[in-house]
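In what follows, a structure is listed as structure tokens, so that the remarks can point back to it.
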Amino acid sequence: MRRTAIVRSLATLGAAAAIAAGSAAVAQGGSSPSTILPDGSIRYDFGRRPGPVLACKPQHVCDIVLDNGETVLNMAIGDSTHWVIAGGRSGPNGNVPHVFVKPTQAELETNLLVTTSKHTYNIGLRSANDANHPTLTFSFADEDAANADHDRQVADAVLAGNPLVGLDRADTKYKVTGDAALLPDKVFNDGVRTFIEWKTLPVDLPSVVSIGTTGAPQPVNFRVVGSVYIIDAINPGYDLVLAVSSDRRHERRVSIRHQ
């Protein structure tokens, strides 16, 4: 999940005023670029104005959650004397980057600039004793829409038997065995992604685990576009797994192995 920060100049507006300002904008036909989530974190729409501002209690650590899969390249803060910053990661594969910030006293204002492999974040920071939203995350609606359009184009090309890389460059050397109801009609990669295609999707969609060189399975994220699974990776093998009960002996499974 991606999340955000308080809007407006929180140097002069408290959290309640910021929420009221956002509500007024909606009432007038606009929309606020930030949303307070049920867990108390703030989700900010990346690229919207006004820019994100994170309010943090003095001597408390606040968390800025960046986009899944990006790599932090540089971090710079305007006031390095009174603010402490550090990087971290979370997730099963450590693919979610975090920036941790801590103000050392109240009534501080500065900004934080973070450059990554995908984005540049310019975040206002404010310290206040009444701050109560310590986590800032981001949504990327515009980028998600663009990616969805691209995925649709990719899937259309795949379903037409015409991968974007060209049929002559598509690697189709996969052996597929297992449950007949789950068997895909085609598996190939384009050098970057793996495509698992059915003429018609199974009634119950299986999950995907990757099988590495060590044989240890790892869950894999994938997108369903049309009747195609798109995996943003290439692994030696995958298993399609459909659990029919809590007993693993009753799993339905398909083995996909690169030859």
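The values are calculated or read from the model by the stated rules, or taken from the named source; none is laboratory data. As the structure is a prediction and not an experimental result, all values here were calculated from the model. Please note: Cβ atoms are built from the backbone with ideal geometry, for glycine as well, and neighbour counts cover all protein chains shown. Each accessible area value is taken on the protein alone, full model and side chains, heavy atoms only, with ligands, DNA and RNA left out. Shrake-Rupley method; radii C 1.70, N 1.55, O 1.52, S 1.80 Å.
Screening residue 233 against (1) open to solvent by less than 60 Å² (accessible area, probe 1.4 Å); (2) at pLDDT below 85; (3) among the small types (Gly, Ala, Ser) leaves a single unmet condition, (2). Of all the residues in segment 72-92, those that are open to solvent by 70 Å² or more (accessible area, probe 1.4 Å), in a loop (DSSP other than H, G, I, E, B) and within 27 Å of residue 218 (Cα to Cα) number 1.
Among all positions in segment 45-59, there is no residue which is of a type in the set (Asp, Glu) and within 30 Å of residue 218 (Cα to Cα). Figure legend. Inter-residue proximity from segment 216-227: first residues open to solvent by less than 50 Å² (accessible area, probe 1.4 Å), second residues among the charged types (D, E, K, R), beta-carbon distance below 7 Å, spacing 6+ or different chains. Indicated pairs: 225/151; 225/152; 227/197; 227/199. Among all positions in segment 164-172, there is at least one residue which is at pLDDT 80 or above, more than 23 Å from the chain's Cα centre (by Cα) and either surrounded by fewer than 12 Cβ atoms within 10 Å (Cβ to Cβ) or not in a strand (DSSP E or B) (or both). Using the structure shown, decide if residue 98 is within 30 Å of residue 209 (Cβ to Cβ) and either open to solvent by 60 Å² or more (accessible area, probe 1.4 Å) or part of a strand (DSSP E or B) (or both). When the stated conditions are applied, residue 98 passes them. Within segment 101-116, the set of residues being open to solvent by less than 70 Å² (accessible area, probe 1.4 Å) and more than 17 Å from residue 80 (Cβ to Cβ) comprises 106, 116. The criterion of being crowded, with 19+ Cβ neighbours inside 10 Å, hydrophobic (A, V, I, L, M, F, W, C), modelled with pLDDT of 90 or more and not in a loop (DSSP other than H, G, I, E, B) holds for residue 64.
For segment 190-211, check the following and say yes or no: at least one residue is of a type in the set (Ser, Thr, Tyr), within 25 Å of residue 93 (Cα to Cα), at pLDDT below 85 and surrounded by fewer than 19 Cβ atoms within 10 Å (Cβ to Cβ).
no
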